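Asker: Below is a structure I'd like to ask you about.
The values are calculated or read from the model by the stated rules, or taken from the named source; none is laboratory data. Model, not experiment: these values are computed from the prediction. Virtual Cβ from ideal backbone geometry, glycine too; neighbours counted across all protein chains shown. Please note that ligands, DNA and RNA were not included when accessible areas were found on the heavy atoms of the full protein model with its side chains. Shrake-Rupley method; radii C 1.70, N 1.55, O 1.52, S 1.80 Å.
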4 protein chains.
Amino acid sequence: MWRPILFVLLKSEPDAKKTAALLGWLQMMGFNVQTHHNEEATVLELTGDNASLDVAMLRALDIVAEVRPDWVGEKPAPPYSQPDGIVAAGGVKFGGGDLQLIAGPCAVESWRQLSCIAQSVKAAGATLLRGGAFKPRTSPYAFQGLAKEGIKLLLAAKELTGLPVVSEITELSQLPLFENIDVIQVGARNMQNFELLKELGRVGKPILLKRGAANTIKELLLSAEYILAGGNEQVILCERGIRTFESYTKNTLDLSAVPALKALSPLPVLVDPSHGTGRAALVTPLALAAVAAGADGLLIEVHNSPECALCDGEQAITPDEFRSLAHSARDIWPYRYRY
Amino acid sequence: MWRPILFVLLKSEPDAKKTAALLGWLQMMGFNVQTHHNEEATVLELTGDNASLDVAMLRALDIVAEVRPDWVGEKPAPPYSQPDGIVAAGGVKFGGGDLQLIAGPCAVESWRQLSCIAQSVKAAGATLLRGGAFKPRTSPYAFQGLAKEGIKLLLAAKELTGLPVVSEITELSQLPLFENIDVIQVGARNMQNFELLKELGRVGKPILLKRGAANTIKELLLSAEYILAGGNEQVILCERGIRTFESYTKNTLDLSAVPALKALSPLPVLVDPSHGTGRAALVTPLALAAVAAGADGLLIEVHNSPECALCDGEQAITPDEFRSLAHSARDIWPYRYRY
Amino acid sequence: MWRPILFVLLKSEPDAKKTAALLGWLQMMGFNVQTHHNEEATVLELTGDNASLDVAMLRALDIVAEVRPDWVGEKPAPPYSQPDGIVAAGGVKFGGGDLQLIAGPCAVESWRQLSCIAQSVKAAGATLLRGGAFKPRTSPYAFQGLAKEGIKLLLAAKELTGLPVVSEITELSQLPLFENIDVIQVGARNMQNFELLKELGRVGKPILLKRGAANTIKELLLSAEYILAGGNEQVILCERGIRTFESYTKNTLDLSAVPALKALSPLPVLVDPSHGTGRAALVTPLALAAVAAGADGLLIEVHNSPECALCDGEQAITPDEFRSLAHSARDIWPYRYRY
Amino acid sequence: MWRPILFVLLKSEPDAKKTAALLGWLQMMGFNVQTHHNEEATVLELTGDNASLDVAMLRALDIVAEVRPDWVGEKPAPPYSQPDGIVAAGGVKFGGGDLQLIAGPCAVESWRQLSCIAQSVKAAGATLLRGGAFKPRTSPYAFQGLAKEGIKLLLAAKELTGLPVVSEITELSQLPLFENIDVIQVGARNMQNFELLKELGRVGKPILLKRGAANTIKELLLSAEYILAGGNEQVILCERGIRTFESYTKNTLDLSAVPALKALSPLPVLVDPSHGTGRAALVTPLALAAVAAGADGLLIEVHNSPECALCDGEQAITPDEFRSLAHSARDIWPYRYRY
């Protein structure tokens, strides 16, 4: 797994004795140190538990020019928190060898809507139910979600169907409402809401962290690190499309993120082709592609009558289409790329 | 000013009598209605105070197929909150005909650092002082700011120099600490933290809203609308670079945003060439360009010893360089593009 | 299939008689005309053989404000050239129900290199052989290809293995050298080299047209139209990644292009995960994803010793890895998304 | 000026004697060699005339693992062609201390149009006349330019006004027609048409090279290097906007390119705010910004009746607007950033 490290840049022509002393001390502190020299500078690359290091003290040394946290190139770092890559939520396991299908409406709109969709996605093979109660919307005049009432309806649908439930949090103060929600989702717009991530690091519950529309793969891992560093190792990553110049789709779904995240981290990886394309007709082919690429699961928006959905209706598929998607995805599952 | 509007899509071949009745009712409700026909559909475009409209009721009408909030193309909408475009903060005015220069360190690090920078930027012509106490950082291992202590130091620097101060908020719960801060900054990563924006709409204080790195000009205006709609008309917009494929600069500073925002809104517009380029050597030429393009002010990171800054040191300029920048910017000011 | 059309904007309040006359004349000329009215203007949307229309004459009419060619939204246009979507090349068929695997080195380097790779990819299941003789390189100091000599070696490899061959053209004057090449490739950098495309419209040979790194799906179709309009209907489209802010991969492979191109055009669609990711370790998972999404074939760079390749070695896989890729791709083929 | 260099990666634990011998030989050959060691490898960084080096021979040495051309980080390389950064064209000088204003229509449409615009831009202060005879257009059904006839009209306008003329080449075979054209423009779509660039390296005429919409600043310099390496040192660079997710403007004008190109190269730098914004209302503020940032000149599209232009009419300004732009630009010129 990629891990942040510290780079310590020494001043030019550092005193040899002091340098040796510093190296000895760092190794004694448990750091793995690699030294890089070039004509102009010497850089020490430190991996290990940097949380216990006094950076200010390091900076104060007279042979040190600069200290900064950064990332290892492509090499694995020594053990830290070591999440095992299997996240259990309400009876199902992400990353444990089974395909997880999270399906449901973008927003919870009413009991009639939700109960109907919940039952049909369960029948069609969904293993978890999703539904938004708090909706971050670009315009203040767009539908903002049913809030507390939406959470209640979602929990009722959980009872009705037995499916574990996933819902998005948009503000710290909502946290108590999520007590019985099985997986807390952090949406793309909040991927770098670091205060929220820190708090979720102290929660004993799976967190589904979506990649921001303008964030790199490494930034997604650094945001995950905010949660892991707090002690919560139940993090599930999710690719949901990035912002590019292409305007035919709402976002550009970056399926390279699947093998990239698998190479850099043990965490389970999901794909959301609904937000990733923004067009219902593209959801199923991209869902199959995600499974073939080795994703551990899918997040699919399903609506009984997409054209009337209060938000993002143009990307929702019907329960019938979802049944067909789930069937095809399970057909491909045995032939997927394995990590 | 661009304003969100509602589009009402009628079902095909709507009953003529019912359509006439609907139009009459909407006009009676104070809406300005434009009707668009094409071969396939009739669309009503509504501008006016849509807050008072029951969307669900509209949707329930049997001639209505769909209702959705959206934006007017390029035409001005009727009066709403009508901010006058001048925002007063601690004795200075944004958008009132004077060039405002906000300068200071990225992060408040110590009293010695801050007091020294504050005095030198004042002497060099800064009209407000900036300094971050809460720093949103990509990595959990990077310096996160001095928090409450940073705010205290900033207020002390305000007393020392007489300069009004600007600082960034990253979480709702920090709000009480900002009581004596003159301008509350919402950073790029929080441009779509809608819960925060809603709360700032209820605050009687200028808000400096920065454009997100992956957000369009219109999305910036919609985020501003979250604050305006809450009743706070003291919003200052700020262009600070967007994320593109170009890697020589940290972001691509989009100076077209200046005339675009001026055309679409009366709000004052600032430019931040420090984050916008990420390279100290590029800050001054881009600052002059921003002034020539008609920006109302600049946000400049200044550090007494940039190479030792705890964050973003590579983009900070020295107090001496800032003095020269301020001088050149004031030389160009009389020849700038006028709106 | 999407087709370019003409939009004719009438002046405001056009004379009714003249408008009727114009409409009658356009229909008589064989155009399919749709009329759009709104409060401000009347727009005629013309589909049909606009090649035969005198645009200047139309513009000169006193009721016409503007004439411009553009694209139909999402609706199919009437028959033009009507490619049937099956392209035959040297005994194989693209779009005919079989998976086509084009494999080989980025650049032809020597007979020893090429003959060795050609035989191993054939044994591993490739159906065509690729190899570049003319290489467009960002730097003038990078290896530029063996040119004429490279074409000769490729033809020798064709004879040796019986595989049809694919090679890239970078300049019109090279055309005579491609006489015995089975498929002429137009690379991403030349997707909008319109003079080259026009000439290839007059060639009786399949053209593999790659999407430019900064071009939209619709622009790719318009470039294809340059070839189709010249009378050559043997066009194969290829997605190979677009340029985005993500830096972990060389490009962002946009697999949404597969269903999008299938919806908008009957032409066969290939995917190149080698250029699309720029990393050998990502090629196989993305290749499987492309097949699952319904692509008609793959373009894969294979090299006997990737680390010594003269160009793009970091994205080439070995013949052994290709064998495994081909095997897995054929396993998924029966379960792919069907159009 | 940035220059391509070679990196030679030695195998791990190279024989010390052989390494010393290699270093001695390289220095003897005139190379400037820097050696970088780290735990895993030794890399030699070579600057100097690498054209005279036999790369294959280097590769064959048993201590060498890999050889590849690349770029120096940020440091200047030793003298090569050394363009002095002043390009003379038809009596005017780019980069010589005067502001150059190139103005004229996007496309030459008729003598009446061209002569009228040419005379008005001259009167308004233009120092060169532009006009396209060969137009690269996204759609094959869009106006493609008057070709040979357009060049003739442009030369007639040159005679009429005395202004030197600039026109775009789109294909090698057009070159003889450009004999009396003062500056040959290579458009954004051809920035990486390397065969064309190589040929222009053998022409004794100024080349105006525009940055591609998806190309980085360094790629622009490498394309310039294709021309310089051929012996033609009269290269003028031009920023004209890059492709991003922002849709309000046609492109995002990247004014950071001005100081970046000035830092990395001695070549003159122009800015084209017409293509850079795609909106007439944005052209003047961005033109002033470009001058303030230190550009050596501007490229402005002017049309007598923009709304009737056969191409790109929405970004052209009128002769009157150009007069005002030229006046304001000259006002700012003395206060611009200096390099």
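Asker: Just the number: Rg to Rh for the stretch C:78-137, Cα atoms, Kirkwood Rh, two decimals.
Answerer: 1.12
Asker: Kindly write out, for the stretch D:268-283 in residue order, the coupling ³J(HN,Hα) from the Karplus curve 6.51 cos²θ - 1.76 cosθ + 1.60 (θ = phi - 60°), rounded to whole Hz, with x marking Gly and Pro.
Answerer: For the stretch D:268-283, the Karplus-derived couplings read x, 10, 10, 10, 10, x, 6, 5, x, 10, x, 9, 3, 5, 9, 5 Hz, x marking Gly and Pro.
Asker: With every protein chain present, what is the per residue accessible area of the stretch B:238-339 (1.4 Å probe, Å²)?
Answerer: Accessible area per residue: 26 Å².
Asker: Could you order peptides A:178-191, A:287-300 by the average number of other Cβ atoms within 10 Å of their residues, highest first?
Answerer: So the peptides A:178-191, A:287-300, ranked by packing, come out A:287-300, A:178-191.
Asker: Something else about it: Look at the axis of the rotation that sends chain A onto chain B, then give the chain A residue with the nearest Cβ and the distance in whole Å.
Answerer: A:Ala214, 1
Asker: Oh, and also: Report D for the stretch D:162-227 in µm² per second (integer): Stokes-Einstein, Kirkwood Rh on Cα pairs, 25 °C, 0.890 mPa s.
Answerer: 204 µm²/s
Asker: Determine the dipole magnitude for the stretch D:167-285: charges of +1 sit on the beta-carbon of Lys and Arg, -1 on that of Asp and Glu, nothing else is charged, the reference point is the Cα centre, and the result goes in debye to the nearest 20.
Answerer: Charge dipole, the stretch D:167-285, about its Cα centre: 280 debye, nearest 20.
Asker: I need the calculated FRET efficiency for the pair A:Val43 and B:Leu155, taking r as the beta carbon distance and R₀ as 30 Å, to the nearest 0.05.
Answerer: 0.20
Asker: Under 5 Å between amide hydrogens, which residues at least 5 positions from D:Val64 or on another chain qualify, with H placed 1.01 Å from N in the peptide plane?
Answerer: Excluding prolines and chain starts, which carry no amide H, the hits are D:Lys11.
Asker: Out of residues 5 or more away from C:Leu6 or on other chains, whose amide H comes under 5 Å of its own, with H placed 1.01 Å from N in the peptide plane?
Answerer: C:Leu46, C:Asp70
Asker: Starting from the amide H of B:Asp98, placed 1.01 Å from N in the peptide plane, find each other amide H under 5 Å away whose residue is 5 or more places distant or on another chain.
Answerer: Under 5 Å from the amide H of B:Asp98 lies no amide H from a residue far enough along the sequence or on another chain.
Asker: Hey, rough spin-label estimate for A:Asp62 and C:Ala123, points 7 angstrom out along Cα→Cβ, what's it come to in nanometres?
Answerer: Each label point is offset 7 Å from its Cα along the Cβ direction, giving 6.7 nm.
Asker: Continuing with this model, one more query. Between the label point of B:Ala147 and that of the same position in each other copy, find the distances and list them shortest first in nm, with every label point placed 7 Å from Cα along the Cα-to-C-beta direction.
Answerer: Listed shortest first, these distances are 2.8, 6.8, 7.3 nm.
Asker: Rounding to the nearest 20 debye, state how big the charge dipole of the stretch B:240-339 is about its Cα centre with +1 on each Lys and Arg Cβ and -1 on each Asp and Glu Cβ.
Answerer: It works out to roughly 400 debye.
Asker: Using a Cα-Cα cut-off of under 22 Å, which lysines could be cross-linked to D:Lys122, ignoring same-chain neighbours fewer than 8 residues away?
Answerer: D:Lys93, D:Lys152, D:Lys158
Asker: Here's another thing I want to ask about it. Counting only protein heavy atoms and rolling a 1.4 Å probe, how much accessible area do D and B lose on contact, total for both sides, in Å² to 100?
Answerer: Buried area between the two chains comes out at roughly 3100 Å².
Asker: Could you please state how large a percent of the accessible area of the stretch B:229-277 is carbon and sulfur, counting protein chains only and using a 1.4 Å probe?
Answerer: Carbon plus sulfur share of accessible area: 40 percent.
Asker: Could you state the number of Å between the C-alpha centres of the stretch C:271-302 and the stretch C:183-233?
Answerer: 21 Å
Asker: With equal scatterers on the alpha carbons only and no solvent term, can you work out the Debye log10 of I(q)/I(0) for the stretch A:207-295 at 0.24, 0.26 1/Å?
Answerer: -1.18, -1.32
Asker: Okay, next question. Within 10 Å of each Cβ in peptide A:202-213, how many partner chain Cβ atoms are there on average? Round it to a whole number, please.
Answerer: Per residue, the number of nearby Cβ atoms from other chains is 1 on average.
Asker: Still on this model: Post the alpha-carbon centroid distance, the stretch C:321-339 to the stretch A:110-131, in whole angstrom.
Answerer: With the stretch C:321-339 and the stretch A:110-131 each reduced to a Cα centre, they are spaced 33 Å.
Asker: Whole-Hz ³J(HN,Hα) for each residue in the stretch B:323-328, computed from phi via Karplus 6.51 cos²θ - 1.76 cosθ + 1.60 with θ = phi - 60°, x for glycine and proline: what do you get?
Answerer: 4, 5, 4, 4, 5, 5
Asker: Continuing with the same structure: Go through the stretch B:184-189 residue by residue and turn each phi into a ³J(HN,Hα) via Karplus (6.51, -1.76, 1.60, θ = phi - 60°); whole Hz please, and just put x for glycine and proline.
Answerer: 8, 8, 9, x, 4, 5
Asker: Filter C:Lys205/D:Lys198; B:Lys210/B:Lys250; B:Lys11/C:Lys218 down to the pairs with a C-alpha to C-alpha distance above 18 Å, please.
Answerer: From C:Lys205/D:Lys198; B:Lys210/B:Lys250; B:Lys11/C:Lys218, over 18 Å: C:Lys205/D:Lys198; B:Lys11/C:Lys218.
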